[in-house]
Amino acid sequence: MSTAQINPSILSADFARLADEAAAVRGADWLHVDVMDNHFVPNLTLGLPVVESLLKATETPIDCHLMIEEPDRWAPQYAEAGAGSVTFHAEAAAAPVRLARELRAQGARASMALKPATPIEPYEDLLPELDMLLVMTVEPGFGGQSFLDIMLPKIRRTRELIAKHGLELWLQVDGGVSASTIERCAEAGADVFVAGSAVYGADDPAAAVRALREQAQGVVDASSWGCAH
């Protein structure tokens, strides 16, 4: 049986109070940290020094999503620093298999992300090298965007490929995930959910995490893919 996981995105948190904001979502499965370089995406957020500081300030494992050019060069440093999961973009990686193996060798979960226009099918043979695959449900670069419904068939196809190969691969969605969209994502096959404003915009972020997890888990438990997993 698959377990629904909620990863609050600190992109929606108060950057001046990151340690407090990490504590506010105690009970979350992971803390999702978006690293943007203003090249791969048109936004600049934070980098390795802030991730290193955050790792010291929270016991929640860190899930780093690298929206950067040259991840082959930079991603292993995040794993080395202690990030439990490191995600690179398929569109930016020069040697994704080698990079995934390097991340695993550093002790991190290796994850690959696909932008909305990038199909999953060309990467089917690569799936066994990964611990998680991230299907972006908005164009990467900014928080607070509306969920793209047209990504649901892609999530479904990805889940089918995971099942076809009998893999224990997590399927993450990121972008516009909220109480009104999480059930559709879960029904399509996602089991790891990045939520930004839906968590940090709530009066009680920890309660929002619990409510989203419960909502998603109910759908996962009832779904054909969740039962077969």
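Every number here is computed from the coordinates shown, using simple stated rules; none is lab data. Keep in mind that this is a model prediction, so the values were computed, not measured. Using ideal geometry, Cβ is built from the backbone for each residue, glycine included, and neighbour counts are taken over all protein chains shown.
Scaling against 2.2 N^0.38 Å puts the C-alpha radius of gyration of segment 5-228 at 0.93.
When both bridge partners sit in the chain, DSSP labels roughly 5% of those beta bridges antiparallel.
Each Lys and Arg adds +1 at its Cβ and each Asp and Glu adds -1 at its Cβ; summed about the Cα centre, the chain shows a dipole of about 240 debye.
Neighbour counting of Cβ atoms within 10 Å sorts the residues ASP20, ASP203, ASP29, fewest neighbours leading, into ASP203, ASP20, ASP29. Between ALA190, ALA198, ALA95, the Gaussian network model of the chain with springs among Cα atoms under 10 angstrom shows the greatest mean-square fluctuation at ALA95.
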